[in-house]
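Chemist: Okay, here's the structure, questions in a sec.
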Amino acid sequence: MWRESGTGRESYGLAGVCCCGIALTYQRQPQQVKPFRLTLGDLIHGGDGGESPTKTFLRLMSWSKDASDGLRGFLSEIRRAHGDDIRMIIEDVTGYSLPWELLRHRDKGLAGEWLGALFPIARSVGTPPSAVTRCTGEILAYVAPDMAGDRALLDRFQTTPRNVTLKDLLNLLDAEGDPVSLVYVACHGKYGRTDIPHSAAEIKLIEGSRDSKRGISLREIDGHDLLRLERDGGLVFLNACHSAREGVYPDLDNTTLRSFARVFLRAGASGFIGTIGEVGRRHGYDLAKSLLDAFTESPDTPVVVALRDYRRKAAAPIVGVPGEDDEEAAARLLPFFYAFMYAYFGSPETTLSPTPREGIR
């Protein structure tokens, strides 16, 4: 996906190709205008100030039906040729925060499905994928005090001591050492300020409680070398609100997109998981538990497949079209949106096999 110019309005173009040669030829498509109310991180809050999930759901349905004929035909050909398990790589350089995992596709003879529950999706940021796709070794982790349950999830694996700070974690990643399978951070996250919208300089991981002023910004992490990832790769999972969002540094330029995913993949990470909005704490725990259980039971399962399967389970109960002001439906939709908030970046072949803690199998 590319931003278009010369159309008189903000729009984007699409191109695509399948392994078998099915192609979506790039064309200038000015009808694909930037949707200004599709940034999930600005809409779904799960509390005061957020839009009703039913309204967002209906808007996504309309956006999906408005997709170009070329895109619909491209997806239909792929589904008919390969079924619904082919892995998809999406590179979006528009900066429009388009929630591609929540594009719903249907066609004659094909059931309507959300892309994120249909295909195992890996997003690309243009960085060549790491040569290391099997992530093995110890886990490096920071877990906020009010997320002790997440720490308990890691007890079955070789994991860093409990008292590390975010700064300690970065220092461990800067130093040479044994292979790391997973860098896991469970904490609160912050995105932007009202006076500087879409500023990547304001994306931050919060240390301590939700209201704490202590934390590590994207720019601070970008200043680290992260040598531990350079040789052996590893999966980075920032289980924090807004951790997969991107923006620009207004004091440098307004075109270069920046994000935690870009920083860690450029350093050598094999994959990155983050959220494109605000996620409920319990739901973040549930996703982490589901993924770690899946990797323990089937170490050869690619991360993109495990994440797709989790979204499928979250989408399965959502049937019918909700009323726009249906409060019960809105409550049921929150877990659905939280599941689709998680995006994966990196190689679609990445798997995770953390080293078990001694004495545990």
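The values are calculated or read from the model by the stated rules, or taken from the named source; none is laboratory data. If you're wondering where the values come from, they're calculated on a predicted model, not measured in any experiment. Methodologically, a virtual Cβ is constructed for each residue, glycine included, from the backbone with ideal geometry; neighbour enumeration extends over all protein chains shown. SASA here: full protein model, heavy atoms, side chains in, ligands and nucleic acids out. Shrake-Rupley method; radii C 1.70, N 1.55, O 1.52, S 1.80 Å.
Chemist: Enumerate the lysines that residue 55 could reach by cross-link, defined here as Cα to Cα under 17 Å, with residues fewer than 8 away along the same chain left out.
Modeler: Qualifying lysines at Cα under 17 Å: 65.
Chemist: Rounded to the nearest 5, what is the percent of antiparallel bridges among the DSSP beta bridges in the stretch 13-158?
Modeler: 55
Chemist: Leaving out ligands, DNA and RNA, and with a 1.4 Å probe, what % of the accessible surface on the chain is carbon or sulfur?
Modeler: 49
Chemist: Rounded to the nearest 5, what is the percent of antiparallel bridges among the DSSP beta bridges in the chain?
Modeler: Around 50 percent of the beta bridges assigned by DSSP in the chain are antiparallel ones.
Chemist: Then there is this: State, to one decimal in nm², a quarter of the convex hull surface area for the C-alpha atoms of the stretch 96-140, i.e. the direction-averaged projected area. Can you show the working numbers first?
Modeler: Values: hull surface 23.4 nm².
Answer in nm², one decimal: 5.9.
Chemist: Over the residues of the stretch 162-251, compute the C-alpha Rg and express it relative to 2.2 N^0.38 Å.
Modeler: Here the Cα radius of gyration is 1.13 times the empirical estimate.
Chemist: At 25 °C and a viscosity of 0.890 mPa s, what translational diffusion coefficient does Stokes-Einstein give for the stretch 54-135, taking Rh as the Kirkwood radius over Cα pairs? Give it in µm²/s as a whole number.
Modeler: Result for D is 173 µm²/s.
Chemist: Here's something else I'd like to know. Based on the alpha-carbon set only, what is the convex hull volume of the stretch 40-187 divided per residue, in Å³?
Modeler: Cα convex hull per residue, to the nearest whole number: 192 Å³.
Chemist: Candidates (1) 71, 49, 45; (2) 63, 48, 46; (3) 54, 46, 42; which is the computed Cα extents along the principal axes in Å?
Modeler: (3)
Chemist: How large is the charge dipole for the stretch 267-307, taken about the Cα centre, if only the Cβ atoms of Lys, Arg (+1) and Asp, Glu (-1) carry charge, to the nearest 20 debye?
Modeler: 180
Chemist: Could you give the radius of gyration (one decimal) and Dmax (whole number) of the Cα atoms in the stretch 274-356, in Å?
Modeler: 14.5, 48
Chemist: If you don't mind, there's one more thing I want to ask. What's the local net charge at residue 288, with K and R +1, D and E -1, over the other residues with C-beta under 12 Å away?
Modeler: +1
Chemist: Here's another thing I want to ask about it. In terms of the ratio Rg/(2.2 N^0.38 Å) built on C-alpha atoms, what value belongs to the stretch 183-319?
Modeler: Normalised Cα radius of gyration, the stretch 183-319: 1.11.
Chemist: Report the full-extension gain for the segment residue 300 to residue 45: residue separation times 0.36 nm, less the Cα-Cα distance, to one decimal in nm.
Modeler: Contour length minus Cα-Cα distance gives 88.3 nm.
Chemist: Run a plain Debye calculation on the stretch 50-95 (Cα atoms as equal point scatterers, no solvent) and give log10 I(q)/I(0) at q = 0.16 Å⁻¹, rounded to two decimals, same order as the q list.
Modeler: -0.67
Chemist: Between residue 331 and residue 62, what is the spin-label point distance in nm, taking each point 7 Å from the Cα along the Cα→C-beta axis?
Modeler: Going from the residue 331 label point to the residue 62 one covers 2.7 nm.
Chemist: Next question, about the same structure. To test your reading of the geometry: what angle, between 0 and 90 degrees and rounded to tens, separates the Cα axis of helix 327-341 from the longest principal axis of the chain?
Modeler: The angle comes out at about 60 degrees.
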